[in-house]
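Written below as structure tokens is the structure these notes are about.
Quick note: the coordinates plus some simple rules give every number you see, no bench work behind them. As the structure is a computational prediction, the values presented were derived from the model and not from experiment. Here the Cβ positions follow ideal geometry from the backbone for every residue, glycine too, while neighbour counts run over all protein chains shown.
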Amino acid sequence: MAYKTEQRNKMYELLRSNPHKFFTAKEIAEILAPYDVSLSAIYRNLAELTETGLVKKSVKKNGREALYRYVNNDVCKDEIHMTCIKCGKIFHMDHLVSEYIQKNLGIIQGFELDKLKTVIYGTCRECIDAEKQSIK
């Protein structure tokens, strides 16, 4: 980050203290309303935090609002990410499955996977279950 402001610090702390929660820019604006953080400042800071890798951005399929989540690169560096195309949530792949994929790509394909930058898109169990319930 080029420079820090109180507003950026408040937003960063909100995201950092909720690493498993997804926020829209509007939700962040509502939470930080007492600190007079403008929506444009939130979008600008989210773009910078996303670019530096401190925040992951995902978008629902056919969605207009992006979801943002704090990412601890030390924790995420050994995990493949999975993004749900319906709800936009980001998950870590099970570590053993991730290791299996990486090992076999190396052996069979001679390919080294960059797990930090790898994202697999699909539909999460929660969205699958919700869809099944709506069909009944």
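For the chain, how big is Rg over Rh, using alpha carbon atoms and the Kirkwood form of Rh? Don't skip to the end; give the middle numbers.
Numbers: Rg = 17.1 Å, Rh = 16.5 Å.
Result for the chain is an Rg/Rh of 1.04.
How far is helix 125-135 tilted, in degrees, relative to the longest principal axis of the Cα atoms in the chain, given as a value from 0 to 90 rounded to the nearest 10?
The angle comes out near 90 degrees.
Can you tell me the orientation of helix 95-104 relative to the chain, as the angle in degrees between its alpha-carbon axis and the longest Cα principal axis, to the nearest 10?
50
Give the percent of DSSP beta bridges with both residues in the chain that are antiparallel, rounded to the nearest 5. Spell out each step's value before the answer.
Numbers: 9 of 13 bridges.
If we restrict to bridges inside the chain, about 70 percent are antiparallel.
Within the chain, what's the longest run with no chymotrypsin sites (Phe, Trp or Tyr not before Pro) in a DSSP loop and at most 14 other beta-carbon atoms within 10 Å? Give the range, please. Write down the numbers at each step before the final one.
Values: sites that count: TYR3, PHE111.
Answer - 4-110.
Can you give the percent of C-alpha pairs in segment 74-126 whose distance is more than 15 Å?
Details: 660 of 1378 pairs.
That fraction is 48 percent.
Could you tell me which residue out of PRO19, VAL119, SER98 lies farthest along the dipole of segment 5-136 toward its positive end? Charges go on the beta carbon: Lys and Arg +1, Asp and Glu -1, centred on the Cα centre.
VAL119
Quick one: helix 39-52 against the long Cα principal axis of the chain, what's the angle to the nearest 10°, folded into 0 to 90?
Relative to the chain, helix 39-52 is tipped by roughly 40 degrees.
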